[in-house]
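Working notes for the structure below.
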Amino acid sequence: MTEARRPKDMETHIGNHKLDPSTLMMGYGFDPGLSEGSLKPPIFLTSTFVFETAAEGKRFFEGITNKHGSGGKAEGLVYSRFNGPNQEILEDRLKIWEDAEASLTFSSGMTAIAILLLSFVRPGDVVIHSGPLYAATETIINKIFPQFGIHYIDFPAGASREELDEVMAAAKAKATNGGRVAMIYLESPGNPTNALVDVEAVAAARAVAFGDQAELPPIAIDNTFLGPLWAKPLNDGADISVYSLTKYAGGHSDLVAGALVGKRALLDKVRLMRNVMGGICDPNTAWMLLRSLETLELRMTRAGESAEKICEYLRDHPKVEKVGYLGFLEPGSRQEDIYKRHCTGAGSTFSLYLKGGEREAFAFLDGLKIANLAVSLGGTETLASAPAAMTHLSVPDARKAALGITDNLVRISIGVEKAEDLIADFENALRGV
């Protein structure tokens with residue numbers, strides 16, 4: 001919450017003992033004494049907040065407008081486009097999972113990504129990005145930005161350090177009219193193939209390529225598939241973690257929201273842009289996310305355990321070509337090396353490649369009884385979709401082929417149902433392929 005109104009909330013330590021994030025989700029950032037003793041934060045459904053004095057209003061607006069270098073953060077509550085109690089409690093809790101300095105929430109994951117990018121890019125600049133990306137993210141970088149003189153260069157998710165050095169050099173050469181490399185944007189695992197990016201190698205290549213600059217281009221990474229439980233990229237060299245809170249953080253397929261967590265100096269620039277453009281998470285959605293964060297670890301752990309059992313079954317099925325599950329990476333491979341250094345779990349979203357093409361993928365999807373034929377992931381219910389025909393339909397065919405987004409690919413997100421029931425469902429659906 002705002003510093004002037006910060007309550008005596010739950011501390012992060014008891015003596016020398018550091019409390020686990022899952023414990024802190026129950027009360028951190030909220031003082032019941034400030035809300036009539038309510039155990040849970042009320043939903044503050046208001047568009048504006050009353051100032052005690054005119055001088056206080058001026059002081060708060062000086063923060064919002066960055067008059068004294070506050071990074072757009074006000075001392076108190078001003079207006080719901082800028083801040084609000086529910087959003088600030090949520091932001092306080094989100095940053096705990098990755099030990100981040102700051103956090104910002106948004107009305108959707110794509111709003112978070114768009115405002116993040118707009119905060120740093122200018123005409124003539126270059127954005128370096130990994131591939132594959134979520135199709136809407138790639139649309140912003142590869143289709144919308146070029147209309148404004150902003151360039152891009154990409155590399156495959158599993159690129160080696162040598163390949164990354166070449167990409168950095170090529171990106172510097174591609175900048176025009178005094179532009180520079182404005183951002184390195186990653187997605188790991190990549191959607192929908194589950195390919196991992198070596199964040200440590202990217203950070204090392206950046207240090208060499210741009211070490212002569214006053215500021216390094218920030219590294220932002222979409223951590224939706226594994227974060228915040230199974231991957232913490234801020235520890236590996238990233239500056240900002242990007243989240244679709246719609247997915248695991250929300251976890252019930254009943255809201256849409258996004259977040260950025262990371263270095264305060266960088267997020268201050270994004271906050272200034274958000275203050276002007278809007279796009280902050282609304283109070284009701286923020287409250288629902290506070291509810292969901294209380295069970296985040298329980299839900300992700302259950303789904304992860306079930307996914308392991310289900311993938312073991314699917315891997316040996318005669319109608320399955322392969323399973324793109326992080327627990328099955330080839331021993332000694334570069335992907336396994338990245339996984340061991342960057343991840344603490346294989347997650348519960350994976351890619352299933354059926355023998356055949358679109359006809360077989362559609363037959364499988366149409367035969368599901370428990371799993372739902374729907375896009376998205378990270379909910380309590382199991383979801384399955386065909387990326388080539390749905391979420392990544394707008395991606396050119398040649399690029400889809402290069403990234404492994406084939407017609408026989410089905411993306412599956414395991415929920416909290418009994419693993420044995422889902423195996424029965426998949427077995428029945430595979431009979432119809």
### Message
To make sure I understand the rule: partners must be aspartates and glutamates, Cα under 15 Å from the Cα of K232, and not fewer than 8 residues away in the same chain. Which ones qualify?
### Response
D20, E98, D99, E101, E187, D198, E200, D222, E297
### Summary
A student applying the Cα gyration tensor rule (rounded when a/c is under 1.5; otherwise prolate if a/b is larger than b/c, oblate if not) would label the chain oblate
### Task
Order by neighbour count: F60, F210, fewest other Cβ atoms within 10 Å first, most last.
F210, F60
### Message
Within the stretch 296-431, how many Lys pairs that are eight or more residues apart, or on different chains, come under 24 Å at the alpha-carbon?
### Response
18
### Task
Take every Cα pair under 8 Å in the stretch 296-431 that's 6+ residues apart, average their separations, divide by the length, and report that relative contact order as a whole percent.
30 percent
### Task
Please check which bits of the stretch 329-350 a label hung off E305 would reach, taking the label as a point 7 Å along Cα-to-C-beta and the cut-off as backbone N under 15 Å.
346-348
### Query
For the pair D31 and H252, how long in nm is the line joining their label points, each one 7 Å along Cα→Cβ?
2.9 nm
### Task
Given the peptides 76-84, 18-26, 271-279, arrange them by the average over their residues of other C-beta atoms within 10 Å, most packed first.
76-84, 271-279, 18-26
### Query
In a GNM of the chain with a 10 Å cut-off on Cα contacts, which of A307, A398, A204 has the highest mean-square fluctuation?
A398
### Task
Give me the distance in nm between label points sitting 7 Å out from Cα along the Cα-to-Cβ direction at L298 and K369, one decimal.
2.9 nm
## Note on the structure
Counting sequence-distant residues (5 or more places) and residues on other chains, those with an amide H built under 5 Å from that of A102 are G262, R264
### Query
What order, most packed first, do the peptides 223-234, 103-114, 151-162 have when packing is the mean number of other Cβ atoms within 10 Å of each residue?
223-234, 103-114, 151-162
### Query
Around E321, which amide H atoms from residues at least 5 apart in sequence, or from another chain, sit under 5 Å from its own amide H, with H modelled in the peptide plane?
Y353, L354, K355
### Message
I need the peptides 374-385, 181-192, 358-369 ranked by packing, meaning the mean over residues of other C-beta atoms within 10 angstrom, with the highest value on top.
### Response
181-192, 374-385, 358-369
### Query
Say each of D421 and T48 gets a label point 7 Å from the Cα, pointing the same way as Cα to Cβ; how far apart are those two points in nm?
5.0 nm
### Task
Quick one: dipole size for the stretch 85-293, taken about the Cα centre, charges +1 on Lys/Arg Cβ and -1 on Asp/Glu Cβ, in debye to the nearest 20.
480 debye
### Query
Roughly speaking, what is the stretch gain from E336 to E321, that is 0.36 nm per residue apart minus the C-alpha to C-alpha distance, in nm to one decimal?
3.4 nm
### Task
Set the Förster radius R0 to 41 Å, insert the Cβ-Cβ distance between A401 and E101 as r into 1/(1 + (r/R0)^6), and round the FRET efficiency to 0.05.
0.50
### Message
Treating the stretch 85-293 as a set of equal point scatterers at the Cα positions, no solvent, please give the Debye-formula log₁₀ I(q)/I(0) at q = 0.08, 0.10, 0.14, 0.15 Å⁻¹.
### Response
-0.25, -0.39, -0.78, -0.89
## Note on the structure
Taking R0 as 45 Å and r as the Cβ-Cβ distance between R161 and K40, the FRET efficiency 1/(1 + (r/R0)^6), rounded to the nearest 0.05, comes to 0.40
### Task
Given the options E138, E312, E297, state which has the largest fluctuation in a GNM of the chain using a 10 Å cut-off (strictly under) for Cα springs.
E312
### Message
What aspartates and glutamates does K67 reach when the alpha-carbon gap must be under 16 Å and sequence neighbours fewer than 8 apart in one chain are set aside?
### Response
E56, E75, D268
### Summary
Taking Cα pairs closer than 8 Å and at least 6 residues apart, the relative contact order of the chain in percent is 16 percent
### Task
Could you work out the relative contact order of the stretch 85-293, using alpha carbon pairs under 8 angstrom and six or more residues apart, expressed as a whole percent?
30 percent
### Query
Pulled fully out, how much extra length does the chain show between N16 and R122, if you take 0.36 nm times their separation in residues and subtract their Cα-Cα distance?
33.6 nm
### Footprinting exposure proxy for F30, F148 (fewest neighbouring C-beta atoms within 10 Å first)
F148, F30
### Query
Residues of the stretch 365-400 with amide nitrogen under 15 Å from the 7 Å Cα-to-Cβ point of F148?
none
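None of the figures in this text is laboratory data; all of them are computed from the coordinates on show. Bear in mind that the values here come from a model prediction, so they are computed numbers and not experimental data. We place every Cβ from the backbone using ideal geometry, glycine too, and count neighbours over all the protein chains shown.
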